[in-house]
Amino acid sequence: MGDNADTKHDGNGASCKGPGRASGSFYTGEYGGVSFKPRNAIANEFQDPFCFHAYSPVTMRTNTVTVTQNFTVGVGGCVWECGDLLRRFLVAEQQDVLKHTKTMSTISKTTLPWTFLWNQTTAIELGCGTAIGALAAAAAGAKAVCATDFAHVLDAVTRANAASNKHLGCPVALREWSWGNEEHEAEIIKWIDDASTSGSANTRKTKAAKSRGDKSRTSADLAPQTLLVLGADLAYVPEVFDKLVACLQSLERASQARGWKFAFAFAHRPRLPAAEDLLLSLEDIFSYHDFVSSSLLDKRYQNTKYAATTGVRIYTSKRNTPNVLLETT
């Protein structure tokens with residue numbers, strides 16, 4: 001941790017210009033009067049803020065995303081390795097696909113649902129914390145993005161990250177969602193309706209390109225809308241597993257009612273035996289596909305026990321396989 005305080009680090013260990021913050025409080029924090037050590041948080045390796053670069057196939061430009069952390073919030077204020085894996089899955093891998101290369105043995109252009117369909121995607125991140133997943137979706141060119149969590153987390157860390165990344169072209173909306181709260185859920189459904197009738201700057205740029213005679217995205221524009229739910233490291237409180245499953249079912253129903261595709265991208269590492277119960281519950285309800293993701297893990301974790309247990313699983317409606325999501329003709 002001997003870096004200068006005016007240096008940020010991106011997810012690959014490279015520095016990027018901008019003011020940083022001293023790292024004296026990185027290893028310990030206080031939440032509810034109890035000190036904790038954010039074990040396995042990416043923040044243990046990098047200075048704050050954490051930043052990364054994301055290419056958008058919608059705007060055809062590379063965006064820089066800055067994610068500020070706040071350890072006084074507790075676990076919700078950290079960038080964890082699963083959050084970093086989720087953003088790598090969403091934005092880093094698609095760059096390789098666009099270059100017709102592969103870094104994962106099971107990934108190809110036919111199994112990445114959103115590589116060319118971001119302008120038809122509405123994304124919602126559950127338990128967002130720093131909102132690294134939501135910000136990655138916005139940077140990639142999503143039509144609309146919403147980050148959800150407890151109100152105190154949104155106020156302490158998420159709101160600042162949404163405000164500091166307005167340049168992405170898709171503003172990140174914030175909504176409180178305590179799973180199981182019907183009023184919160186109703187607000188999320190209302191947001192989906194509002195988002196479906198409005199377009200982000202990313203969407204407007206795509207339409208402008210088409211008006212100039214750019215036909216390169218015609219097939220994507222004709223593709224069905226997708227509701228992409230994002231989640232990273234959500235399986236560590238067994239008492240809320242049933243509520244999480246119910247939330248996902250509600251979002252699936254909302255997408256089906258609008259004629260949209262549904263997908264849940266879940267970056268996951270089992271932190272306790274009960275986490276298997278959540279996976280089994282989801283398997284009963286959704287179809288799923290596991291991606292071999294160790295090559296997308298930060299290099300510090302590729303040859304450790306994390307690589308064997310960490311991955312991204314895509315859940316879809318039973319009648320849809322991941323490949324069906326890509327059909328554009």
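Things worth noting here:
- Residues of region 251-290 satisfying the condition of being among the polar types (S, T, N, Q) and in contact with a strand residue (DSSP E or B) (Cβ under 8 Å, 6 or more places away or on another chain): Ser255, Gln256, Ser287
- Some residue of region 46-66 being out of contact with any Phe, Trp or Tyr (no Cβ under 9 Å at 6 or more places or on another chain), charged (D, E, K, R) and at pLDDT 85 or above: no
- Ser105 fulfils the conditions (1) modelled with pLDDT under 50; (2) under 27 Å from Asp149 (Cα atoms) except for a single criterion, (2).
- For region 145-197, the set of residues classified as among the charged types (D, E, K, R) and assigned to a helix (DSSP H, G or I) consists of Asp155, Arg159, Lys166, Glu182, Glu183, Glu185, Glu187, Lys190, Asp193, Asp194, listed by residue number.
- Val240 vs. criteria farther than 20 Å from Ala123 by Cα, surrounded by 14 or more Cβ atoms within 10 Å (Cβ to Cβ) and at pLDDT 90 or above: yes
The values are calculated or read from the model by the stated rules, or taken from the named source; none is laboratory data. Only a predicted model underlies this, so the values are computations on that prediction, with no experimental measurement involved. Note that each Cβ is placed from the backbone with ideal geometry, even for glycine, and that neighbours are counted across all protein chains shown.
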